Amino acid sequence: MRVVVTGGRGFVGSRLISALHEAKHSVRSLDLADGIDICDRDAVRAALVDSDVVVHLAAWADLYEARRNPIEAVRVNVLGTAVVADLVRSSGLRLVHGSTACVYGNQASYPSPESAVPNPTEIYAQTKLAAEQVVQGLVASHNLNATIVRFPGVYGEGLRGSLAVARFFERAVADGALEIHGGGLQASTPIHV
């Protein structure tokens, strides 16, 4: 299979590319680090030539950075997804869209079932939900062949230091004191990459 991974140099994307190579698939990375802006239709179109599947993981993924720069988060996460999804559709390819369990936000019960109504509380999660809606709209109106995957908190070697799991590990190793926000009743379902 010939796979394009957007965000291929990121935390999840780089691991996916390694796994796809090990499984003997042909893989191409499409990443800002490769010099390609996800919103550049011509560059994205060129990267999709001779591929079968696009795994769309490119995102403005840092919650704190999204708070500081919401316009860029919307541009990359929503417009970038629209560009990728529309080009995948017009090329007759399959799309696997990476989203986040953060779209569930605060729910009455935990863990939240997939049927829970999204209730995002942060700009990052709101942009990811909007991106899902773009994909769903193209599925409904243009028969885009797509699957949406909502990743929970992903952790592993090379994890961004701003994430709670990384901060917990760092603090536990340093002095054992963990900083807990809120009432301490929060729960998380991290998954190892």
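Some observations on this one:
- Any hit, segment 106-122, residues being in a helix (DSSP H, G or I) and free of Cβ contacts under 8 Å to residues at least 60 places away in the same chain: no
- Criterion violated by A47 - all others in (1) within 18 Å of V12 (Cα to Cα); (2) in a helix (DSSP H, G or I); (3) open to solvent by less than 30 Å² (accessible area, probe 1.4 Å) satisfied: (1)
- Taking segment 127-143 as the range and being open to solvent by less than 80 Å² (accessible area, probe 1.4 Å) and free of Cβ contacts under 8 Å to residues at least 24 places away in the same chain as the test, the residues that pass are G137, V139, S141.
Matching residues to (1) among the charged types (D, E, K, R); (2) more than 13 Å from A59 (Cα to Cα); (3) in contact with a Ser or Thr (Cβ under 9 Å, 6 or more places away or on another chain):
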{"residue": "T6", "(1), (2), (3)": "no, no, yes"}
{"residue": "S14", "(1), (2), (3)": "no, yes, yes"}
{"residue": "I17", "(1), (2), (3)": "no, yes, yes"}
{"residue": "R28", "(1), (2), (3)": "yes, yes, yes"}
{"residue": "D40", "(1), (2), (3)": "yes, yes, no"}
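- Residue in segment 121-144 that is at pLDDT 80 or above, in contact with a Pro (Cβ under 7 Å, 6 or more places away or on another chain), under 20 Å from A73 (Cβ atoms) and not hydrophobic (A, V, I, L, M, F, W, C) present: yes
- Filtering segment 3-15 to residues that are more than 18 Å from V78 (Cβ to Cβ), assigned to a loop (DSSP other than H, G, I, E, B) and open to solvent by less than 50 Å² (accessible area, probe 1.4 Å) leaves only G8.
- Positions within segment 16-31 being part of a helix (DSSP H, G or I) and either surrounded by 16 or more Cβ atoms within 10 Å (Cβ to Cβ) or of a type in the set (D, E) (or both), in sequence order: L16, I17, L20, E22
- Residue in segment 51-64 that is open to solvent by 60 Å² or more (accessible area, probe 1.4 Å), at negative phi and without any contact (Cβ under 8 Å) to a residue 40 or more places away in the chain present: no
- Members of segment 21-60 that are more than 24 Å from S90 (Cβ to Cβ) and at pLDDT 95 or above: H21, E22, A23, K24
- Note on segment 80-103: among residues that are assigned to a helix (DSSP H, G or I) and open to solvent by 20 Å² or more (accessible area, probe 1.4 Å), the one that is nearest to T121 (Cα to Cα) is C102.
The values are calculated or read from the model by the stated rules, or taken from the named source; none is laboratory data. Keep in mind the model is a prediction, meaning the values are calculated, not measured. Ideal geometry is used to build each Cβ from the backbone, glycine not excepted, and the neighbour counts take in all protein chains shown. Side chains are part of the model used for accessible areas, which takes the heavy atoms of the whole protein and leaves out ligands, DNA and RNA. Shrake-Rupley method; radii C 1.70, N 1.55, O 1.52, S 1.80 Å.
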